[in-house]
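Here's the structure we're looking at; comments come further down.
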Amino acid sequence: MSHAAENWVRIKSVFAAVVDLPPEERATILEEECGSDEIFRQEVESLLQADAAANAAELFEEPPLRLPDDLLPDEEADSVTGSSVGAYRIIEEIGRGGLGTVYLGERADDAYRKEVAIKLVRRGLDTEDILERFRHERQILANLDHPYIARLLDGGTTGQDRPYFVMEYVKGEPLTLFCDTQGLGIEDRLNLFCKVCEAVSYAHRNLVIHRDLKPTNILVTEEGVPKLLDFGIAKVLASDGETSSQTVVTQRVMTPDYASPEQLYGERITTSSDVYSLGILLYELLTGKRPARLTTGRLAKISDAFAEQEPIRPSRVRKSLRGDLDNITLMALRKEPARRYSSVDRFAEDIRRHLEGLPVSARQDTIAYRAQKFISRHKVGVAAALTICLMLCGGIAAVLHQDQIVRRERDRARRAQATTARLNHFLQGLLSSANPDTFGRDVKVVQVLDAAAARIDHELANDPAILAQAHLTIARAYAQLRAAEPAEHHARAALAIDLKNFGPNDPKTAEAMAFVGRALQVFRRYHEAEPLLRQALAVQRREPSEDRNQYARTLMVLGTVLMKTGRAEGAAPLVEEALTLARALNGEQSVQVADALYTRGMLRHSLRNPAGAIADYRASLNIHRQLKPRQLTFLDPIADLSELLMAKGEIAEAASLLREGQRFAQQSIGEDNPTYGALLGRLALIDFIQQRYAEAVPKLQRCLATVGQVYPKENPEMVLAKTVLGLALTRSGWAAEAEPLLREALQQGKGVSPAQLVLIGTLEGALGECLAARGKLADAETLLQVSSSKLEASFGSTHPKTIEAVKRLDQVRQARTE
Amino acid sequence: MTLAPPRDQATRLLVDLSRGDGVAAERLMPLVYDELRRLARGYLRRERSDHTLQATGLVHEAYLRLVDQSTTNWQNRAHFLGIAAQVMRRILVDHARRRGAEKRGGEWEKLEMDESLLPNDERNLDLIALDDALQDLMKFDPRQSQVVELRFFGGLTNEEVGEVLDISPRTVKREWRVARAWLHREIFAGEA
């Protein structure tokens, strides 16, 4: 082994960088990375070749292991080699399948030399069920006579009552491997695929379903002739009553990667199942990948994954496939058998029409269908957009609950129910307009919301009460997404309508007004928030019967506004009143008190009383810990307290607190929720500070994936997380991976303030460090130069970050001169 | 001295292991070894037809049977999976060697495996060659060698491998991809 460790690390990173790229791009990057180092380049290229071969051979595919059936000493050792089976002599084993072992054989009487494949039922598996299936297979094959199907030559039972059959020995390569080794283009692949369809269609006409179509069951000879093997789990269609009843729900014998959903679920299998498997084959032939990569061998999990996954359009893998081939492939891959091609012939026909430039019958799914799928996906909570869509789909009740004003809702249940139902219905209608055709598959909740928001004025124009509620609901959703402007816009719209209909002194108007104030507070526009909150408070104070908790909440928000604008002393009485009120209304062990304590904690924090703040946060947490069910606002004091603890250097406690929050978030809102991701992000920062870069990486990835569902890419926190991820990758030896991330972050980072970045320096500095690690010293120097100037301007020349940046710049300069 | 049942022993050893007791791992191995073989024997007796799914679950099943989850944590689990994968590799490779030896002794010629001849998708990877190659890989990239051991022999998912090695699933995936290519080249070098 002559690999110098360093060289190997470089080889790995170049390999990883290019392995999934199309050939042209590969070549460019290899050129760039290897330069004149031919040996290095050959090394990478031979690995890439081996990767392709490993892909095709599937030797390492999951499930990675089968249990050798002779793992334990077999009393009746298999000694068939050399023995005779019918007129044939077994020469050697050439393979094993689910049902039996396949041997290479030749005629025993030497009348003429002819190589055959002999399939013998595996010992230990010859239960009645298997024997029945095996006899069945023998019968089916005998009936099939087609140039593209391996011929059955003979069959019978051995002396020990083991069934066998003898079939044409095919020397060839699995379909996908053949196409790759021959370097076939799309057109040749399609033509070959049509031949495969021909054979399957022939079998279907003879009432035989293959049920296990996959590349290794379709060998292609040197002459380019495909041969279908192994009708081992085929079933005869209704032709004979005996088999039809028995095989409908047979045990699941198939290869999960190519199985149709109905096979995975053990449902009725028809010719359409073969259409599906052929669809996967076509997909793989066109793109080099299977549509859904299954990463576990456990059947239940596979079924789950399948049910929820829509295949990615082939054109997303290879652009040139856009249009017909996209539609054709996806039509074969539809989950519901009835919506696929009605026959293999129709499937092949479309491919032929495509080759001849004629219009094809496959169409994209209808908009209505996909919109419906979209909603149902969101409803069952699979899609990314989980929380917010649930909120919209579930109607405003959920929203109201989140604001702890469900109590009031109950008081006026009857009236509200009618409104809620109508609003609910309306919002669902809006969501159906948000179909993937309009947005693409990566639709973000905020886009759905935009689409909904764009329509409500028009559609609810003649029902102002509902329109106002709809605006407020949408405003809340935007607020949760931290989309400041639209949240404010819709809250104001609700307010305007309420003002017009009910006047300024109505509790409904006050609710909208308080919400506008809250939105403004969340988005730190305190001076605009204040008058609204004061006005709302005046109304709510006059009409305390409606819901005193509403009033207490407004007190807290106004208190927050005051403390954030340097008037913490003025906030104190409001916050204390809110706390007292919360205690009186709900008792100590209530979410209202927990929230009020949290607010007072913030107050004490801004009064420079960190010890008091910490005490309040802890008290709030202790109440939360007793509450059943635990409330989501539990996560608020965790965030603030962990920050205070970190500032005090009590990182271990901060970490344990964040982990507590993480566990709760995991159970309550799930690992796909952005709030969960944000907690992980904080934990990752601790990893980063403590220089456990490798541990920070997966957390940040999760953080980005989840928070990315709701935040635009340009959101400062997103950019920050991405940059920290890039640095963590760089520092754990994955600079090549980090580079694109850091470039992206730099591009998107215009809105990020220097203070937000102080932990990591600057975006330029991060990319510079990465490029330096990759040996791109010239670019690194430029970036590090910018970085140290910026840091000096923001924090002064004696700030540790500035000093660090200057030091790094010097290092790079020195390296360049060497 | 009376011996505690294997389950109690294994659980205690795992806890010891996470406290840094290096000897615990060695004492755990024979327990895992016995359990894995016992499970394997059970599977074979049951004549299950979903053959392909057996080995993948074995390591997990051994964990469920051998370790008391109420007194252990995920780190213990990660340790266990790591050890079990190692044992699984030993069992399978030893078996392959033994079988090879038997065949040579019994005038059997070593089977020539031409993958293009295979009429089904049976994995005819030469485990002995793989084991040898892995040992080579171990010398210059121990982590990558472990990734292969855990994923291939242990049947662990990327996430689980990540847990055992304390790296991200994405890194596992990447290491696996390179390792696979490297091993493929190593094993089939000269055969092309």
Exercise for the section: Determine whether region A:701-712 contains at least one residue that is assigned to a helix (DSSP H, G or I), among the hydroxyl-bearing types (Ser, Thr, Tyr) and within 21 Å of the chain's Cα centre (by Cα). Expected result: yes
Fill in the blank from the handout: Restricted to region B:172-192 and to residues being modelled with pLDDT of 85 or more and more than 7 Å from chain A (Cβ to nearest Cβ), the residue farthest from residue A:694 (Cα to Cα) is B:186
Exercise for the section: Check off (1) more than 7 Å from chain A (Cβ to nearest Cβ); (2) in a helix (DSSP H, G or I) for residue B:139 and give me the number that stays unchecked. Expected result: (1)
Handout entry: Output for region A:2-50, where each listed residue is in contact (Cβ under 8 Å) with a residue 60 or more places away in the chain and part of a loop (DSSP other than H, G, I, E, B)
Key = A:22
Exercise for the section: Quick one: which residue in B:141, B:136, B:131, B:114 is acidic (Asp, Glu) and at pLDDT below 80? Expected result: B:114
Exercise for the section: From the list B:56, B:11, pick out the single residue that is modelled with pLDDT under 65, surrounded by 15 or more Cβ atoms within 10 Å (Cβ to Cβ) and either part of a helix (DSSP H, G or I) or in contact with a helix residue (DSSP H, G or I) (Cβ under 7 Å, 6 or more places away or on another chain) (or both). Expected result: B:56
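Per-residue answers, yes or no, for (1) polar (S, T, N, Q); (2) more than 28 Å from residue A:332 (Cβ to Cβ); (3) modelled with pLDDT of 85 or more; (4) not in a helix (DSSP H, G or I):
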{"residue": "A:113", "(1), (2), (3), (4)": "no, yes, no, yes"}
{"residue": "A:131", "(1), (2), (3), (4)": "no, yes, no, no"}
{"residue": "A:135", "(1), (2), (3), (4)": "no, yes, no, no"}
{"residue": "A:165", "(1), (2), (3), (4)": "no, yes, no, yes"}
{"residue": "A:170", "(1), (2), (3), (4)": "no, no, yes, yes"}
{"residue": "A:187", "(1), (2), (3), (4)": "no, no, yes, no"}
{"residue": "A:190", "(1), (2), (3), (4)": "no, no, yes, no"}
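For every residue, the table says whether it meets (1) surrounded by 22 or more Cβ atoms within 10 Å (Cβ to Cβ); (2) over 20 Å from residue B:59 (Cβ atoms).
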position: B:126; (1), (2): no, yes
position: B:129; (1), (2): no, yes
position: B:150; (1), (2): yes, no
position: B:154; (1), (2): yes, no
position: B:157; (1), (2): no, no
position: B:170; (1), (2): no, yes
position: B:176; (1), (2): no, no
position: B:181; (1), (2): yes, yes
Problem - Check on residue A:53, at pLDDT 80 or above, at the interface with another protein chain (Cβ under 7 Å from one of its Cβ atoms) and crowded, with 16+ Cβ neighbours inside 10 Å - result: yes
Fill in the blank from the handout: Checked region A:791-808 for anything touching a residue at least 24 places away in the same chain (Cβ under 8 Å) and touching a Gly at 6+ places or on another chain (Cβ under 8 Å); matches are A:791, A:801, A:804, A:805, A:808
Exercise for the section: Kindly indicate whether residue A:696 is within 26 Å of residue A:625 (Cβ to Cβ) and either hydrophobic (A, V, I, L, M, F, W, C) or part of a helix (DSSP H, G or I) (or both). Expected result: no
Practice task
Would you be able to tell me the number of residues in region B:14-42 that are within 17 Å of residue B:73 (Cα to Cα), acidic (Asp, Glu) and assigned to a helix (DSSP H, G or I)?
Solution key: 1
Exercise for the section: Could you run through region A:603-616 and say how many residues are assigned to a helix (DSSP H, G or I) and surrounded by fewer than 24 Cβ atoms within 10 Å (Cβ to Cβ)? Expected result: 9
Practice task
Return a yes/no flag: does region A:804-818 have any residue that is farther than 24 Å from residue A:17 by Cα and either hydroxyl-bearing (Ser, Thr, Tyr) or assigned to a loop (DSSP other than H, G, I, E, B) (or both).
Solution key: yes
Fill in the blank from the handout: Those residues of region A:703-723 that are within 14 Å of another protein chain (Cβ to nearest Cβ) and either under 16 Å from residue A:655 (Cβ atoms) or surrounded by fewer than 19 Cβ atoms within 10 Å (Cβ to Cβ) (or both) come to a total of 2
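The values are calculated or read from the model by the stated rules, or taken from the named source; none is laboratory data. None of the values given here were measured: they were computed from a predicted structure. Ideal geometry is used to build each Cβ from the backbone, glycine not excepted, and the neighbour counts take in all protein chains shown.
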